[in-house]
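The values are calculated or read from the model by the stated rules, or taken from the named source; none is laboratory data. A quick note: this is a predicted structure, and the numbers were derived from the prediction, not measured. Cβ atoms come from the backbone with ideal geometry, glycine included; neighbour counts cover every protein chain shown. Side chains included, ligands, DNA and RNA excluded: accessible areas come from the protein's heavy atoms. Shrake-Rupley method; radii C 1.70, N 1.55, O 1.52, S 1.80 Å.
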There are 2 protein chains.
Amino acid sequence: MTNTTGQEIADALGTLLRRTTRARLYAHLTEGLGEALDELTYPVLSGLTRTGPCSAADLGRAVELDRTTVTRRADRLERAGLLRREPDPADGRATLLAVTDEGRELIQVTRQRLAARIERSLDAWPASDAEVFARCLRRFVEAGPFAED
Amino acid sequence: MTNTTGQEIADALGTLLRRTTRARLYAHLTEGLGEALDELTYPVLSGLTRTGPCSAADLGRAVELDRTTVTRRADRLERAGLLRREPDPADGRATLLAVTDEGRELIQVTRQRLAARIERSLDAWPASDAEVFARCLRRFVEAGPFAED
DNA sequence: GCAAAAGCGTGCGTCGCGCACGCTAAGCTG
DNA sequence: CAGCTTAGCGTGCGCGACGCACGCTTTTGC
C-alpha cells in the first residue's frame, strides 16, 4: 500500500536530517578552510553565490534569515576576505554583497568535498540505480512537499 | 559519468536541507499542538520515543545534544505533561526520562502529518517509482555518506 | 520641493547553550 | 566495613547569536 511508502520516506528523511544538521558535518566539510566559514556563515556565502550580488535584505529573504543577522554574518565573511561590500551604483542607499574569488573558491571546495563523499558511498551501487535515485531525489525536491510557498 | 550524479545528489540534498531546516516547517507540523512542542523540544521528545526510557545523558548522546541542554528542554516537556521523570529503580542517582501517553500521541500526530504531506506530493508519481525511490532513499541513508561514526 | 518610504548599520534586551560547581549515590579496594 | 573515587544530576554564570527598534541617509511619489 502507498501508506507505508510515505511513512518510510518520512522516517528516512528524519534520520537523514538528524544526521546532517549536526555541526560535525560542517566541521568536516570546512576543515582547514579558515575560522570564518562555519555552519552560521556558510549558508550566507553559499546563498550569495546562488543569488549573485544583491542587498542584505534580499539575501535575507532568499536564505530565510533576518536582515540584521545577514549583516553581522557578512561582517565576519568580509573580514576574512570571502565577501565584498560595494555601493550599489543604481541606488545610493543600498550596498551590494558580492562573493570574492577566494570565497567562491572555498564554496566550491566544500561542495566538491560533499559531492565526493556522496560519490564514494555510491560506488557500491549499480550505476543505473544511482542515476535513478538522483533523478527521483531531484524530482522529489523540486516539486515535492517542501517546495517554495 | 558518475561525477555529475554525485554533484546532482549533493545539490538536491542542499536545497532539501535548506528548506526543511526552516522553523516554518516545524511550525506547520506542530500547529495547534501546544506551545511546548517546537523545533527545540521536538528532537528530544522524538528521540526519547526511539530510545525508550533512559537517562538525560544517554538521550543526549543519542540526539547529539549536551546533557544540560536535554535537561532544560525536558523541563519544558515535563511541565507540558508530554514527558515524565521517574527515579531509576536500579540506580538511585539516575532519573529516567519517559514519554507520557499524551506525548506519544503528539509525536505520532506530527509524524503522521509529515507522512501525509509527503504522501500527497507522491500521488502524482507512478506507484512503482515512489516505491523505488523510498527503497533507494532508505539505502542511501542507512549505508550512505552520513552513517554513524 | 517636501513628506513618506526604503535601505542600512548598530545598541539593547532576550534566549539558548556549554562549562563548572556542588551535591548525592554507586562502585571499588584494602 | 570504611573511605575514596567515579558517575549522574540539576543549576548558576558567562558567552554568543538573534530580532526589534532606533537614527541616519537616500530614493520615490505626490
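Tabulated data for the structure shown
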| item | result |
| --- | --- |
| Whole-number accessible area per residue in Å² for the protein assembly as shown, which is evaluated in the context of all protein chains at 1.4 Å | 54 Å² |
| Fully extended contour minus Cα-Cα distance, from A:E35 to A:E78, at 0.36 nm per residue | 14.2 nm |
| Nearest 10 degrees, 0 to 90: helix B:67-79 Cα axis against chain B principal axis | 80 degrees |
| Amide H within-cut-off set for B:L83, under 5 Å, with H built and near neighbours excluded | B:E78, B:T100 |
| Residue range of chain A that is longest and free of GluC sites (Glu not before Pro) which are both DSSP loop and sparsely packed (at most 16 other C-beta within 10 Å) | A:65-147 |
| Gain on full stretching of the segment that runs from B:T69 to B:R85 - 0.36 nm per residue minus C-alpha separation | 4.2 nm |
| Protein accessible area in the protein assembly as shown, 1.4 Å probe - carbon and sulfur % | 50 percent |
| Length added when fully stretched, A:R22-A:T95, from 0.36 nm per residue minus Cα-Cα | 23.0 nm |
| Debye log10 I(q)/I(0) for chain B, one point scatterer per Cα, at q = 0.09, 0.14, 0.17 Å⁻¹ | -0.38, -0.84, -1.10 |
